[in-house]
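Below: one structure, written as structure tokens.
The values are calculated or read from the model by the stated rules, or taken from the named source; none is laboratory data. This structure is a prediction, so every number in the text was calculated from the model and none was measured. Cβ: placed from backbone, ideal geometry, glycine included. Neighbour counts: every protein chain shown. Ligands, DNA and RNA are excluded from the accessible area calculation, which covers all protein heavy atoms including side chains. Shrake-Rupley method; radii C 1.70, N 1.55, O 1.52, S 1.80 Å.
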Amino acid sequence: MNPQPERSVVGEVLSKAPQATLMFWLVKICATTVGETGGDAVSMTLKLGYAVATLIFLGFFIVTLAAQVTARRYHPAIYWLVVVATTTVGTTTSDFIDRTAHLGYVLSSAMLLGLVIVVLIAWKLTTGAIAADKITNRRDEVFYWLTILVSNTLGTGLGDFTADDTGLNLGFEKGALLFAGLILVVAVFHRFKLLPQAVLFWAAYVLTRPLGATLGDTLTKPHAEGGFEFGRFLATGVIGLVMIVLILATPKLRRPAQVAA
């Protein structure tokens, strides 16, 4: 059902997130892949370490989030910069927890999954609903980006656990296929409305992160480890360019989701 013109105007003014279309998810996967390759480029290629890289990307996240929250309307460039910021800081934070703090993939993933659930429950109790792609007030926006930050950090650990020889040892290609299959299952559930839409939205959000992580590692890891051995900075730049082209070529991504009255 198409909204009435008056409601469309309200949606254009108030919503600060785009509609979750198929292209939205494709761009999100690009953003998570950029987060993986970009995070590794700073922490590993530049040899700054996970802690320093996390602080750098945390600063980037704070700056972009401040721009997003203080903006009075939806700006696609700012919005997707914040998404990229959450994926980069999520990558280095997860690597720090798993590899520097030595908590391991299983424990860290369990902790982060629990944190995602806690944030969503707090969101529901505070606002009465989980807004997903319809962000119309400051409280929803804060919960929205907090959930994204934690879910992207969780997704990094899940991707590494699936591919790494200390986890399921599936490798990057099989890991990517596994998460692509799980996303397809979520899509089927969405198509037939088998679960609440907000639950499926955040399930897809979590799963697209490890898919991007395994795709990013497939591009950049050495041939001996099953990768294509592309440079991390080159891969980040190319995927980032693809992401920009997709946003510019998709009118729905340049507009906010419409808000029902």
**Message:** Checking the structure you have, find out if any residue of segment 76-86 is farther than 14 Å from residue 148 by Cα and open to solvent by less than 40 Å² (accessible area, probe 1.4 Å).
**Reply:** yes
**Message:** Show the residue pairs meeting these rules: Cβ distance below 9 Å; 6+ apart or different chains; first residue within segment 221-239 and touching a residue at least 60 places away in the same chain (Cβ under 8 Å) and in a helix (DSSP H, G or I); second residue open to solvent by 80 Å² or more (accessible area, probe 1.4 Å) and aromatic (Phe, Trp, Tyr).
**Reply:** 235/228
**Request:** For segment 130-143, state whether one or more residues are farther than 30 Å from residue 169 by Cβ, among the hydrophobic types (A, V, I, L, M, F, W, C) and assigned to a helix (DSSP H, G or I).
**Result:** yes
**Message:** For the structure I just gave you, tell me whether residue 147 is open to solvent by less than 10 Å² (accessible area, probe 1.4 Å) and under 20 Å from residue 20 (Cα atoms).
**Reply:** yes
**Request:** Using the structure shown, decide if residue 107 is over 26 Å from residue 18 (Cα atoms) and either part of a loop (DSSP other than H, G, I, E, B) or hydrophobic (A, V, I, L, M, F, W, C) (or both).
**Result:** yes
**Message:** If a residue must be part of a helix (DSSP H, G or I) and open to solvent by 60 Å² or more (accessible area, probe 1.4 Å), how many such residues does segment 87-104 contain?
**Reply:** 3
**Fill in**
Log entry, pairs with first residue in segment 16-38 being closer than 16 Å to residue 202 by Cα and open to solvent by less than 10 Å² (accessible area, probe 1.4 Å), second being part of a helix (DSSP H, G or I) and acidic (Asp, Glu), beta carbons closer than 9 Å, six or more apart or on different chains, reads 17/141
